[in-house]
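Notes for the one structure printed next.
No lab work stands behind these numbers, since they all come straight from the coordinates. Computed from a predicted structure; not experimentally measured. Positions of Cβ are backbone-derived with ideal geometry, glycine not excepted, and every protein chain shown enters the neighbour counts.
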Amino acid sequence: MDLIQWFAAPLQHEFMVKAILVSALVGLVCSALSCYMTLKGWALMGDAVSHAVLPGVVIAYVLNIPFAIGAFVFGVGSVIAIGFIKSKTRVKEDTVIGLVFTGFFALGIVLISKITSTVDLSHILFGNVLGISDSDIIQTIVISVITLVTLAILRKDLVLFCFDSTHAQSIGINIVFLYYVLLSLLSLTAVAGLQTVGIILVVAMLVTPGATAYLLSDRFDHMVLIAMASGVFSSVMGTYISYHIDGSTGGCIVVLQTLLFVVAMIFAPKHGLLVRAKNS
Amino acid sequence: MEQISIDIENVTVAYHGKVALHSASLQLKAGTICGLVGMNGAGKSTLFKAVMGFVKPASGRVLINGLPIRQVQKQNLVAYVPQSEEVDWNFPVSVHDVVMMGRYGYMNLLRIPRSPDKRAVRDSLERVEMWQMHDRQIGELSGGQKKRTFFARALAQQSTVLLLDEPFAGVDIKTEKMMINLLMELRQAGYTVLISTHDLASVTTFCDQVVLINRTILAYGKTSEVFTEENLSRTFGGSVGDFGFAKSRSTQRSQEEQEWT
């Protein structure tokens, strides 16, 4: 197949141009945050929060306010609920996380089934970047700007928080504030990721690029750049591939991300399986 | 007039209703090194955490240079080096990055280092003989080098009160000696050091004062007066013999070396 044609043909459709740009932006933002998620060990938390935002998204849809607001309330709310149950009962944390996020998620599914059509349900669950509306695009841009600016300003403090929160505390940094900043950004980016890959696969966007980059770098700044590059690449290429094979966009993006991780896992120059096997 | 640097008054700490530290009182003058000695679980780490304000005491108060801990932290007056087993050694940071974290309290919100910060980092790394390693990822270091890196971070903070929780655990003799020498230099410069250690014999070589702790402060004062066999047996429940009271690791080692040459 003609390679130029393969890339150029989809761009004749306005919806594809939009889809590719939005995918790239979402890939960029989620990848940036994914570095903090993987280093802080928040993969399970990311999974929980990204699912728990569902009822918030549905309620926001009904009230005709931005999804991000509903997601924010339920995302942060779910973590507060997890903390409350953990401290007041003898149930272990991973169990609490599992039961809270599935409970919220189930509530969201009930709300969708009673309130909106099944088409909307599948869009929220599996993403609908090929049919994204202009208002959703604006919302994604706003979320992206907030997230990237916050990460840029608080980068050093957040890295310190992930690495050594005791030291952060000992020099008078407010770690409770940083915890809620990271949590809020997680809820917001879950909404952004929901546009492209859907709520079920959002956690991949928030974990995989960071994990891939973690294998390829020993410097935080390099790690962020590598994660962003891999996130944008898989988002854009995944959107293209889904167009050509007429398959699920979210699925294609996440499969590509996972393949990049596998390649890094095997061939990474320092932490890859091949090098490790050679050295041992 | 000698200034009181660390002032702990009647501090009681309980976790989930269980008392970990009962009614601890302690006053340390500026320019002293004070050893904190007790068994595992005797409340040493709890005392540090109470001083740093990480746990809220059920009663009592802590002042450093006459100020409450929040103000102390904001003014970079105290540096705390916890036990390091919880550090993620695979974290993508270099030795230099870690020591620079000691300077964040002096920087603006964006934490952009200026020349005094860079100088302090280089200085601190040179003092612990780690400057040539400054570009290494922290997981590539030996046990002693890891400890020296975190010690350098405390030096870079340029705080006149140092709290060190088991800094000699798992380090080589060379590192232990170097750190003791640095602590004695800091004492000369008027620093106050509170240090917990298992190495009982080395305590007598560099600590001016000793605090014996077992869920409460059993005794404290001049090392020569407090460090008696009777007090120690109270601290360790009558099993001093197991703790190598006789010789410090460093003197033992040098004798062994002599025997071999």
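Here are the numbers:
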item: Estimated inter-spin distance, residue A:267 and residue B:9, nm [label 7 Å along Cα→Cβ]; result: 6.8
item: Chain B, helix-only ellipticity at 222 nm - DSSP H runs n ≥ 4, -39,500 (n - 2.57), divided by all residues, nearest 500; result: -10500 deg cm²/dmol
item: Average partner coverage of B:89-96, which counts Cβ from other chains inside 10 Å; result: 5
item: Spin-label pair residue A:3/residue A:92, simplified geometry with 7 Å Cα→Cβ offset, distance in nm; result: 5.1
item: Average beta-carbon neighbours from other chains, 10 Å sphere, peptide B:100-111; result: 4
item: Likely footprinting exposure, B:205, B:197, fewest C-beta neighbours within 10 Å first; result: B:205, B:197
item: Tail weight of P(r) past 20 Å, computed on alpha-carbon pairs of region B:78-158, percent; result: 26
item: Packing-based exposure ordering (other Cβ within 10 Å, fewest first) of B:49, B:174; result: B:174, B:49
item: Region A:193-221 residues near the modelled residue A:14 label - backbone nitrogen below 15 Å, point 7 Å along Cα→Cβ; result: none
item: Spacing of the two label points (7 Å from each Cα toward its C-beta) at residue B:172 and residue A:102, in nm; result: 5.2
item: Footprinting exposure proxy for A:28, A:54 (fewest neighbouring C-beta atoms within 10 Å first); result: A:28, A:54
item: For residues of A:170-178, the mean tally of beta carbons on other chains within 10 Å; result: 5
item: 5 angstrom amide H check on residue A:164, placed H, neighbours 5+ away; result: none
item: Value at 222 nm in deg cm²/dmol, rounded to 500, when DSSP H runs of n ≥ 4 in chain A each add -39,500 (n - 2.57); result: -28000 deg cm²/dmol
item: Cα pair distances in the protein assembly as shown, grouped into 20 Å bins until the bin that holds the longest one, percent each; result: 19, 43, 28, 9, 0
item: Sites excluded, trypsin sites (Lys or Arg not before Pro) in DSSP loops with at most 15 other C-beta within 10 Å, longest stretch of chain A; result: A:93-218
